[in-house]
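Heads up: the structure comes next, in structure tokens.
We did not get these values from a lab; they are worked out from the coordinates using the rules stated. Treat the numbers as computed from the prediction; the structure is a model and nothing was measured. Counting neighbours? That spans all protein chains shown, and the Cβs are built from the backbone with ideal geometry, glycine included.
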Amino acid sequence: MSKSLNSALAAVLLVCAGGVQAGVLGLGSTATPEMIAGWDIDIRPDGQGLPDGEGSVADGEAIYEAQCASCHGSFGEGVGRWPVLSGGFGTLDTLDPKKTVGSYWPYASTLWDYIHRAMPYAAPQSLTDDEVYSVAAYVLYLNDIVDDDFISNRETFSKVKMPNEANFYVDNRPDVQNTRCMENCADPRQFEIVTTINGVTPTGHFKEDSGVAANHYGGATPIATAKATEVALSDAATNGKSVYDKACMACHTMGIAGAPKTGDVADWSTRIAQGMDVLHSNAINGYQGEKGVMPAKGGNMSLSDDEVRDAVLYMVESSQ
Ligand code: HEC
Ligand code: HEC
């Protein structure tokens, strides 16, 4: 933590505690080095912040058995529902990932920091620095990350490489790397959320008549406005839209469970070719199709047949 932030925190704390002495603004007092030291306990990934001191896996085992095993288990396996500290390797990309210190944490420094700051659960910050070095080394040992003769101190601890470190990297998704628009940019006052029947997700944040071809991603090509917004709906189909929103969109908007997407002209053309009677009957009575099961009335039996017909009409008019 930076010094100034620490001073700010200390000052706020003093104010909360009832105020000691008025400063420039009539608030708080200057934080002393001792106050700052009490807050400045974070350890960084490169080991910066690690204190003097030393510990061993052997010493760590004794401390762990006495102060940690009752919750975290003798091998870090976790007792009952207390957190598991070891194992889980190779599970992160499975349906049941086991995130432990060994399988998941990117930096050993976090382990030192966490134990020092927060463990044992009932008596945080009760361990000496040497004890933290020892017990942290032991947790690493339980994860096969260090050997049993590992001596843990500032120098050796900073060099420990965690198996999952490489999977933590600076966010590389396009949104976070956009270069800022500097000229001919869209005027934020012109932005408009364009909702479409194709989903609750906006397709673009620009107004077509603003004359600026900028979209949400800062690119030059506007995302096409969904077809359905251009379609002039008949009265019955307009009624049908509210039924659709309530009972059909859950599947038909995104194409869940094999449902034909509303607005997907290609998928709907063959369906429409069957004639409205077939579509009505299939929607009202349900059917098993090639792509999936259309439940009768979309599973909403409180709808009248006419309401379902209107919804079908809305889907058809929006998809041709
Ligand atoms: C009374 C039960 C208890 C004891 C004893 C205990 N812990 Fe914990 N430990 C917890 C709980 C609960 C958490 C989760 C806290 C949270 O998520 O806020 C935790 C979390 C941890 C974590 C982080 C796990 C993770 O993946 O998020 C580590 C590391 C840890 N403890 C180490 C230790 C060490 C080392 C000791 C002994 C010095 C110890 N604990 C003693 C209950 C305990
Ligand atoms: C649980 C998901 C689900 C819900 C809710 C749902 N549908 Fe469907 N619907 C489907 C699936 C799946 C199909 C495609 C089945 C196939 O052809 O393989 C389908 C197909 C259809 C078809 C095309 C019939 C054909 O013959 O091609 C119509 C019309 C239709 N649904 C209307 C509706 C209406 C109206 C509602 C709301 C009242 C609705 N659906 C709600 C899943 C759903």
Neighbouring Cβ atoms within 10 Å as the yardstick, rank Tyr169, Tyr141, Tyr133 fewest first. Tyr169, Tyr141, Tyr133
Sorted by Cβ density within 10 Å, fewest first, the residues Val160, Val139: Val160, Val139
What ranking of Trp112, Trp39 emerges when the number of other C-beta atoms within 10 Å of each C-beta is taken as an exposure proxy, fewest first? Trp39, Trp112
Globularity ratio of the range 235-317, using Cα Rg and 2.2 N^0.38 Å: 0.95
Using modelled backbone amide H atoms (1.01 Å from N, in-plane), which distant-in-sequence or interchain residues come within less than 5 Å of Glu54's amide H? Asp130
Here the FRET efficiency for Asp149 versus Thr30, based on Cβ atoms and R0 = 35 Å and rounded to 0.05, is 0.15
Between their Cα atoms, which of Lys241/Lys291; Lys99/Lys246; Lys99/Lys261; Lys99/Lys159 are more than 30 Å away from each other? Lys99/Lys246; Lys99/Lys261
